[in-house]
Protein chains: 4
Amino acid sequence: WRGVSQKAVQRLDISGVYPPIATPFTHSEDVDYHRLTDNLHKYADIPFRGLVVQGSNGEYPYLTPEERVEVVKKVRQALPKDKLVMAGSGCESTRATIQMSQRMADAGAECVLVVTPCFYRGRMDSRALINHYAQVADSSSVPVVLYSVPANTGLDLPLDAIIQLSQHPNIVGLKDSGGDITRIALIVHKTRSQGFQVLAGSAGFLMAAYSVGAVGGVCALANVLGQQVCELAQLCVSGRWDEARELQYRLIQPNTAVTRQYGVPALKQAMEWFGYHGGVCRTPLQPLTDSDLDQLRVKFTSNGWL
Amino acid sequence: WRGVSQKAVQRLDISGVYPPIATPFTHSEDVDYHRLTDNLHKYADIPFRGLVVQGSNGEYPYLTPEERVEVVKKVRQALPKDKLVMAGSGCESTRATIQMSQRMADAGAECVLVVTPCFYRGRMDSRALINHYAQVADSSSVPVVLYSVPANTGLDLPLDAIIQLSQHPNIVGLKDSGGDITRIALIVHKTRSQGFQVLAGSAGFLMAAYSVGAVGGVCALANVLGQQVCELAQLCVSGRWDEARELQYRLIQPNTAVTRQYGVPALKQAMEWFGYHGGVCRTPLQPLTDSDLDQLRVKFTSNGWL
Amino acid sequence: WRGVSQKAVQRLDISGVYPPIATPFTHSEDVDYHRLTDNLHKYADIPFRGLVVQGSNGEYPYLTPEERVEVVKKVRQALPKDKLVMAGSGCESTRATIQMSQRMADAGAECVLVVTPCFYRGRMDSRALINHYAQVADSSSVPVVLYSVPANTGLDLPLDAIIQLSQHPNIVGLKDSGGDITRIALIVHKTRSQGFQVLAGSAGFLMAAYSVGAVGGVCALANVLGQQVCELAQLCVSGRWDEARELQYRLIQPNTAVTRQYGVPALKQAMEWFGYHGGVCRTPLQPLTDSDLDQLRVKFTSNGWL
Amino acid sequence: WRGVSQKAVQRLDISGVYPPIATPFTHSEDVDYHRLTDNLHKYADIPFRGLVVQGSNGEYPYLTPEERVEVVKKVRQALPKDKLVMAGSGCESTRATIQMSQRMADAGAECVLVVTPCFYRGRMDSRALINHYAQVADSSSVPVVLYSVPANTGLDLPLDAIIQLSQHPNIVGLKDSGGDITRIALIVHKTRSQGFQVLAGSAGFLMAAYSVGAVGGVCALANVLGQQVCELAQLCVSGRWDEARELQYRLIQPNTAVTRQYGVPALKQAMEWFGYHGGVCRTPLQPLTDSDLDQLRVKFTSNGWL
């Protein structure tokens, strides 16, 4: 692909807001497809661009390959046609990632979200990562979105790798969960001529990301406050920054609480408060302690959401 | 001060752009007051709100206490009256910081910038830092600005400490060089009712910081491209975000190069290219290697500044 | 199990040296069972206590569950009966780890080595990890060895969790690859009354670990210099510390080179130099650059091994 | 000095145990020379090789240059002639370090301990540090000991710099407080032909350090349990490793408690329990909370020291 003309190809438009959906489990920790579908019906009324299935919040490392594919199938069936399914297909090895990407495409995903492999992080330099992503993108029948989430992987996809990969015609964008706004701005600056699209990986810096040229966000908090996150995005897109700022402020603490601070168990708990099915996580993730639960609630009440 | 009414007191307005000025040395590594004054005369034409004297870029850890005070005196004498002198007065111990703050005020500084003590960083929790800053602010005859610069100190001033300290009538704001935009937004959200003012600590995230409510910036790059950094700030203040974004993009790489990437020696080198006196650093800071020098130049040329 | 008497139960003796064997691949990246068996035959002459199959050096995150089990089966068949097979069975979820541990036992492993789950490392506190390991140990038909490898997982199994887990009758020891010798000494101090056994996770600190009470090591370098690592262990066990020290010195640089510095590709390269089958890694792991290859060789030649 | 013959020069023998003494303060936070002298008299009965004055535990960053020199003078006067005074003379700039080293020598110090400058840690590479230390050693009238303490400085003196500096005739050794035993062994391996001497920077890994070739230790805990730390060293020197191990075990938790865990305030508290003057620290260091105090006591009682 390095030989292709470097002018922008026509790429899938991925701009907009996505909740990286949680995976509900029964009390015996099996995937609860009934409750999952229920959530999807509720999400249908919210102006999401689509859903991310099996981002970090979907507990994908705890699902078998078969479960990962089955969940995507179920989501695609339950979702209106105009919503995108962006399916997490990242695995540690390139060959497994290629295979999983194809299975996700076959299951109906419009594009795949590929997290950086990370176990041998000391060896995951630009050379290794460019090779990995290029192989995946070369073979995938649907577009690829890069995914950098250092809080989980201990690894930030390097800028030079992103720039080179942005020239691949089958790589359409990046979900950046690191939140370094200087880096996000620089990525946009260096890749926009390729039509490369950057999505903020969290509601905490969604407005700032829009301000420097991002085109959307994959926001855990959108599982809980989906309408509000979409409203924030809309205010940014239409240049109503003063209103956006006030809304952004009130979303930061709830967002931090359901992500970095208390993690997926908190996200699922908050979903319950707002009428969705959250429920338990798979072990070893533990339920919140009572004290954490109280703290979590405060982050929503003190910002006027509960 | 915890007993004072929590309504906003009338605080010194620190909004605007500041270069944290470099300290020129002669080849024998003495402070070169002549070249310093020369730089100040050139800065006089740029719409800075003031100058930061002895931020990290001023090599203050390499100056004796006497030199620190003398430099502030010289700057105050050379600077037009309408420009603020914000003088770095932080030391490791509280008693030394109190004494240095008073000497800075006596030397003419309008306010002092107090970096977090950090040598015993494992013990510098909120309790210790609140105690430190409160003692300094209680005794200082000029307003205090908090200063968090984790790249140098290995320590981020905790949010809860900032919130509590924002209620002190003699603490007017914060210079945040960490660049975590979510944190910056949250700080503004939690302290603006006190009239507390947040300054971005770098040109790399200046626009994003303005977008979430910061009121200015202390930007190393302003030593080199002062007019442009001021223009960026002005575009943000007047809500011309699309123009701001284009300018912001072109400042990121030069900024990173003169700060995190190549440090003070690069800042001083770039100053030479743009007509200021930079010169050598005090040892142990070394001049750039030829290879680093080439890379540094590219960051300016490729963004259209050289 | 918290109810069991806390006196030491009779535990599997795991003392001694283990190479965490590499997994040879064909050029199409399939597992090369022929070359694997060849290596095993060569290892048979070395006084190893056993082999670790699917530690980090076995590229286990790149193997399918079926491959993981199949490799263990083949190793068990090829290995003399008096050598232990310690099989890596860790997965991210507790349920998958339980299942994999059972499959490993069925494939003939004498014990299982269970790495800390780590993807949600922010939530993997002592509570979560104790729960995880206790469930795995409760259900496993063979003894469990804990495995802490922060360089890959970004997570150190906390001391209090180790102490509590050391009381479980089916948890026999720990492989500690972190290399903090103070921590290793303290772990021995706090768990030896339970008969809990600590293995050094690297040849770099094998002698120091023995000096503070460890009983063996799982050493990547033993894939290459197996006889020498066993000799070092024997010198330590027999209290010939002065001779041990001289040998230890010469193993440090080669060990660092095939682990932290250049990783699995270097380990496999060095195996080729010493008459074993190493070969390529699965992608995304890349072959060494020529320059790294030269450096790697120097680490062996300058210490008198090549 | 690079031109000198690389055979070992006759160097000051620094082998043995040193407490890095604490600096007692009055309640108004002035140096309490009376209590300091009192401590020194008690230390005279313990077979220390000497004292370190103004290591990290001496709160040297909180002392003025004048106080630093004065304390060294007082210690030299109070100490028997056969004990070494190793005086911390490190400052951020090379010129200040040179000057302080001379003042320490003039005050009677037999050698100086020079911590790595660290504020601009991003620029403190081997080139800068070699230059710094070589200048200091060239000009110093007494031998220089390198000092690497990453917990405080965020910087580990690189191995290649140590190796090169070990060839300087006026650099006699290194205090390594990082505690990476693999690194310590490698440093000994690479520098012992020069007569370079390595001191462990903590009692927590003193035995392990001896096992790989260190010749002594600078141990905060020796302020409290000086006799016992000397006994541990003696057991190691005379090859009684089994007895050494038992004693080492019991020193780890008290040592961690007075260093990394609770810091200088804990060290000073423990000194009070054992008949020395500890007292308050200078602000911003805070006294221990009641809860920390209880925890600290447990670390001594549960190991049989209180």
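A:Asp156 passes all but one of (1) out of contact with any Pro (no Cβ under 8 Å at 6 or more places or on another chain); (2) open to solvent by 10 Å² or more (accessible area, probe 1.4 Å); which number fails?
Every listed condition holds for A:Asp156 apart from (1).
Take the residues in region C:105-129 that are over 15 Å from the mean Cα position of the chain (by Cα) and surrounded by fewer than 19 Cβ atoms within 10 Å (Cβ to Cβ), then tell me which one is nearest to C:Tyr18 (Cα to Cα).
Looking at the filtered set, the residue picked out is C:Gly108.
Only residues that are free of Cβ contacts under 8 Å to residues at least 60 places away in the same chain, closer than 24 Å to A:Arg121 by Cα and outside any helix (DSSP H, G or I): list them for region C:134-166, please.
Residues satisfying the conditions are C:Leu146, C:Ser148, C:Gly154, C:Leu155, C:Asp156, C:Leu157, C:Pro158.
C:Ser93: more than 14 Å from chain A (Cβ to nearest Cβ), within 25 Å of A:Gln99 (Cα to Cα) and of a type outside the set (Val, Ile, Thr), yes or no?
no
For B:Met86, state whether it is more than 20 Å from B:Pro158 (Cα to Cα), open to solvent by less than 20 Å² (accessible area, probe 1.4 Å) and out of contact with any strand residue (DSSP E or B) (no Cβ under 7 Å at 6 or more places or on another chain).
Here the answer is no, as B:Met86 does not meet what is asked.
Can you run down the residue pairs with Cβ atoms below 8 Å, 6 or more apart or on separate chains, where the first is in region D:242-264 and more than 7 Å from chain C (Cβ to nearest Cβ) and the partner is among the aromatic types (Phe, Trp, Tyr) and buried (at least 24 other Cβ atoms within 10 Å of the Cβ)?
Listed pairs, sorted by first residue: D:Ala244/D:Tyr210.
How many residues does region C:128-176 contain that are at pLDDT 95 or above, touching a Phe, Trp or Tyr at 6+ places or on another chain (Cβ under 9 Å) and within 10 Å of another protein chain (Cβ to nearest Cβ)?
1
So in region A:184-211, with the set limited to residues that are under 18 Å from B:Leu251 (Cβ atoms) and over 19 Å from the mean Cα position of the chain (by Cα), which one is most open to solvent (accessible area, probe 1.4 Å)?
A:Arg192
Quick one: in region C:29-68, which of the residues that are at pLDDT below 95 and closer than 20 Å to C:Gln269 by Cβ is surrounded by the fewest Cβ atoms within 10 Å (Cβ to Cβ)?
C:Ser56
Take A:Gln102 and decide whether it is away from chain C (no Cβ under 14 Å), open to solvent by 30 Å² or more (accessible area, probe 1.4 Å), modelled with pLDDT of 95 or more and over 20 Å from C:Ala96 (Cβ atoms).
Judged against the criteria, A:Gln102 is a match.
The values are calculated or read from the model by the stated rules, or taken from the named source; none is laboratory data. Everything numeric in this text was worked out from a predicted model, so none of it was measured. As a convention, Cβ positions derive from the backbone with ideal geometry for all residues, glycine included, and neighbour counts pool all protein chains shown. What goes into the accessible areas is simple: the full protein's heavy atoms, side chains included, and nothing from ligands, DNA or RNA. Shrake-Rupley method; radii C 1.70, N 1.55, O 1.52, S 1.80 Å.
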